[in-house]
Each structure stands twice: as structure tokens, then as C-alpha cells.
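This report concerns only the one structure given below.
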């Protein structure tokens, strides 16, 4: 029986907003490549009814979902079980709706491993021994800190508008940073430090059009400056990076790589991301029809 003839399992990306998400296309390509029978859609969750919306989707036969802004902390709280990387982040971007007999819902966070893979494999930039600035201390940043530390960066600085939020994030990762010999500290957006090798924007500033939240002194010549957003939302950050001698990169590769990790958690097979990223890049960068 071909995948077209088999009953299709249902998955979705849950968030608000969610209409812009490229995840359904990405997972459709993964399913086609691996012969998996699934349907993947979008689940718009009211800001005050994330849990109820996701529970209804599961009750109607959904098998799992990805979770985007602003619900990653809520998703973590909903799960009966959490992977170690989700526990470290205290945030989840992936839920698998396992039955009570299996132990209940499982939460994972694939953001960080997806970002690290995009930087080190797709962009070809090593993280070992590098100085990294992470801008923001929300759910996106929480998910990437552990994998950055495990990748062996020399120093990881978390700069945030409210420093106490960054300090809580750093405190939670202090033990794993010590184990890997990584210097870990917080900073203000006004004084984040200078000449980092890698700068990652994990704030929603690009999405809201608020501009780059730090000054250009954070960039060493030739640094990698990556915005977790992609498409038009990331363009301002990419332009800023290039104007100041850095290499700009958007979050499309991270999106594809974290999706592959989620797909593997759900389906037990990891798709080849390279052709999917090429196709998504061509789609995102195609000129708009007149």
C-alpha cells in the first residue's frame, strides 16, 4: 500500500500568528521524501486558549504539533514528559500526543539543535571556541542555549532588555556551561560587549519591525549575524549585518533543521534536509508576482 492509500496521521503548527508559517510545506516535502503518510496544517490558537485548542486537536485525532510564538512555555507546561533539552530550556516547540499508556504527552525542544546544525553544517561556521552573543531571553533563546553550550563555544553572552530574565536563563544553564568549560554571562542591550564571532537575534524585534536591538560594535569583521526570523521580517537585520561587515543569515535553515528533528521524533525517520532547504530558499526568495 502506498503512502497515498494509507490513512494519514495529522500534525500541525500551533501559534498566533500562524498563517505565514512555512512549516506545512516543509513537512509535506519531508513526508514525500520518506514515504510517510501524514497531513500537516496550521492551528491558530487564541492567545487565551492555547491549551484548549491543542487538546481539541489531539482529541480529534491529531498526533502531535509544533509550537511557535508565543506558546512555547505553555506547551512545556502541558506535557506529562519532557526530553532533557526541553527540561533545560523550560520551553517546548514540539509536542507528541502519546497515550496515557505510553506515559502521556511528550514535550521536546528542537530549536537549538536545529540552529546549531544550520550554523555548523549548512553555513559551515564552527561554533567550538567562538564568542557568541544571544540577543533575547524568551522561549526561542531558551531553546538554543543548551545546544550552543554543548557545541563548545568559548563564551556565550545573553543580552536582554530585562536583565533579570536573562540572569534566570543563565542560572539554569550554569551547570551545563561549567561541564563544557563555557563562559556564560548576561549583558544589557545597551552594553552587550564587542566583536563577537556569532551574533544571534532571538527577539521578536524583526517580526514587529522595531529595528536591531544592539549596536554594530557587537560584530567583528566577517562575523556571522543570524536572525531567527526569515523572509521579509529578517531583511532589516540582514541589511544591518552586511552594512557593518558581517555575514547575514536568516532563520530559514534553522526552521528546516528543527522541523527535521520534530519529524524524526514523530515518525522515527530523519529526512534529508539539504534538498528541502534548497527548495524552501528558492520559494522564499522568489520575486513577488506583479
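The values are calculated or read from the model by the stated rules, or taken from the named source; none is laboratory data. Worth saying up front: this structure is predicted, and the values here are computed from it rather than measured. Positions of Cβ are backbone-derived with ideal geometry, glycine not excepted, and every protein chain shown enters the neighbour counts.
Structural remarks
- The residues of segment 119-151 that are within 17 Å of residue 93 (Cα to Cα), touching a helix residue (DSSP H, G or I) at 6+ places or on another chain (Cβ under 6 Å) and part of a helix (DSSP H, G or I), listed by number, are 139, 142, 143, 144, 146, 147.
- Restricting attention to segment 93-121, the residues that are in contact (Cβ under 8 Å) with a residue 40 or more places away in the chain, touching a strand residue (DSSP E or B) at 6+ places or on another chain (Cβ under 6 Å) and buried (at least 24 other Cβ atoms within 10 Å of the Cβ) add up to 5.
- Filter result for the condition that a residue is touching a helix residue (DSSP H, G or I) at 6+ places or on another chain (Cβ under 9 Å), assigned by TED's automatic domain parsing to the domain that holds residue 98 and in a loop (DSSP other than H, G, I, E, B), over 275, 192, 271: 271
- Looking across segment 37-89, the residues that are closer than 29 Å to residue 116 by Cα, over 21 Å from the mean Cα position of the chain (by Cα) and assigned to a loop (DSSP other than H, G, I, E, B) come down to 37, 80.
- Within segment 32-48, the set of residues being in contact with a strand residue (DSSP E or B) (Cβ under 6 Å, 6 or more places away or on another chain) and either in contact (Cβ under 8 Å) with a residue 60 or more places away in the chain or farther than 22 Å from residue 265 by Cα (or both) comprises 38, 45.
- Condition met for residue 24 (surrounded by 15 or more Cβ atoms within 10 Å (Cβ to Cβ), modelled with pLDDT of 95 or more and in the same structural domain as residue 62 (by TED's automatic domain parsing)): yes
- Filtered by the rule that a residue be over 18 Å from residue 96 (Cβ atoms) and either touching a residue at least 24 places away in the same chain (Cβ under 8 Å) or part of a loop (DSSP other than H, G, I, E, B) (or both), segment 8-31 gives 16, 17, 18, 19, 20, 21, 22, 25, 29.
- Yes/no for residue 176 being assigned to a loop (DSSP other than H, G, I, E, B), on the phi < 0 side of the Ramachandran plot and in contact (Cβ under 8 Å) with a residue 40 or more places away in the chain: no
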